[in-house]
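First the structure, in the form of structure tokens, and then the observations on it.
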Amino acid sequence: MSDLQISLLALGAIVVAGVYLFNWLQERRLRRRLGAAFEHEHKDVLLEGGGREERGAGRIEPQLPPAGASREESAPQRAPGSAGEGGVRVAEGTAVAGLDAAIDYIAEIDSDTPISDSVLGELLGKLAAMGKPTRGAGYNSETGEWEDLVRTAGSRHTSLRLALQLVNRAGPANQVQLSAFCDAVRSCADKVPAVANCPDIHAALAAAKLLERFCAEVDVAIGVNIVARGGPFSGTKIRALAEAAGFKLEPDGVFHYRSEAKQTLFTLDNHEPAPFIPEQIKSLSTTGITLLMDVPRVADGLRVLDRMLEVGRNFAGALDGILVDDNRVALNEAGIGKIKQQLREIHAAMDERQVGAGSERALRLFS
């Protein structure tokens, strides 16, 4: 090996050693800087310093308010014109009759000035086309009271509460309906101008699904049939017996037995497809009739069931028929006992969810 080759090898070794030494020094300096940067404990702004956990004071599970209560009844009461959270002005007397946070999606509009009839009329027109029952109330700043909304309010409302019912027998509200509802509310607020508040739609959809599941579990009708032993029953005799028992034939082709408050307790219908029509009942004949109680819509169901069974026995005797269940099995005390036990269980489930059978809340849900 020549002297030149040895010199080049030595020079290369020195260069390589220099590179390693430079990298080692750079890494050491970086470690020192990182150690200084993370030497102190830093707060997580998502958990501290006014974050969601601190302001919210923990998770709050949703609860059903008492029947007839509105969302505002459980909120802190503020004076007229005072600013609520987020700068929303909330009127005094915020308990709004007819709006129920347990079954309604409730939006708010709050203004410093009265809302014109034209803006209100346009809003109510949009709400009527939502495909779900809607309600509204307006705060009258002169009387200090909430009033049912009408298209011609005389420009006297400074605050509005608008409700879209989350569930009825047509099913739960969907995202399209809730989004359209919020769009109508915000559009109204923009024209006033006013502050609009629409609760979280996804939370409302989840609540609607749970409520629909509960309603499906208790949506039961109890029916008993009177079937002919021999020849068919005449429509004339059925009508005479029904009217003597307190029924009234109504436009739906069904006899209704109503309470003093005009609420249907149970009905009498033709067991065959043809309805009871006044003009045709004289010529009508049928092999059976059905007594039916819509359980969720009837208060004091056990008492009403007893009355319905009494009527059924009387009809069976007068028409020479047999009182049977839906499987055409003759009703006996054991069978009636099972029906009553089922009814008690349904009532218990409804009471537990604060949707008492026959209550205003139940009548709205099961409509």
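What to note about this one:
- Residues (among the polar types (S, T, N, Q) and outside any loop (DSSP other than H, G, I, E, B)) located in the stretch 268-292: 270, 283, 285, 286, 290
- Test: residue in the stretch 127-147 that is assigned by TED's automatic domain parsing to the domain that holds residue 195, in a helix (DSSP H, G or I) and either basic (Lys, Arg) or in contact (Cβ under 8 Å) with a residue 40 or more places away in the chain (or both): yes
- Highlighted here are the helices (runs of 4 or more DSSP H) found entirely within the stretch 293-367 that include at least 3 residues which are under 20 Å from the mean Cα position of the chain (by Cα): 333-352, 360-365.
- Being among the basic types (Lys, Arg), under 22 Å from residue 97 (Cα atoms) and not in a loop (DSSP other than H, G, I, E, B) is a property that residue 151 lacks.
- Any hit, the stretch 166-188, residues being under 13 Å from residue 104 (Cα atoms) and of a type in the set (Lys, Arg): no
- Once the stretch 248-304 is narrowed to residues that are closer than 17 Å to residue 237 by Cβ and of a type in the set (Ser, Thr, Tyr), the residue that is surrounded by the fewest Cβ atoms within 10 Å (Cβ to Cβ) is 283.
- Exactly one residue out of 260, 243 is more than 21 Å from residue 317 (Cβ to Cβ), of a type in the set (D, E, K, R) and not in a strand (DSSP E or B), and it is 260.
- Filtered by the rule that a residue be outside any strand (DSSP E or B) and within 23 Å of residue 146 (Cβ to Cβ), the stretch 191-210 gives 191, 192, 193, 194, 198, 199, 204.
- Residue in the stretch 170-187 that is assigned to a strand (DSSP E or B), assigned by TED's automatic domain parsing to the domain that holds residue 205 and closer than 19 Å to residue 203 by Cα present: yes
- Some residue of the stretch 228-235 being within 39 Å of the chain's Cα centre (by Cα) and in contact (Cβ under 8 Å) with a residue 12 or more places away in the chain: no
- Annotation note: of 216, 203, the sole residue that is of a type outside the set (Val, Ile, Thr) and within 13 Å of residue 106 (Cβ to Cβ) is 203.
- A single entry from 318, 362 fulfils the requirement of being surrounded by fewer than 19 Cβ atoms within 10 Å (Cβ to Cβ), in contact with a helix residue (DSSP H, G or I) (Cβ under 8 Å, 6 or more places away or on another chain), in contact (Cβ under 8 Å) with a residue 60 or more places away in the chain and of a type in the set (A, V, I, L, M, F, W, C): 318.
- Only residues that are crowded, with 16+ Cβ neighbours inside 10 Å and not charged (D, E, K, R) were counted in the stretch 224-244, giving 11.
- Filtered residue count, the stretch 137-176, keeping only those that are surrounded by 23 or more Cβ atoms within 10 Å (Cβ to Cβ) and either over 20 Å from residue 198 (Cα atoms) or out of contact with any Lys or Arg (no Cβ under 7 Å at 6 or more places or on another chain) (or both): 11
The values are calculated or read from the model by the stated rules, or taken from the named source; none is laboratory data. From a predicted model like this one, the values you see are computed outputs, not experimental measurements. Quick reminder, even Gly has a Cβ in these numbers, built from the backbone with ideal geometry, and neighbours come from all protein chains shown.
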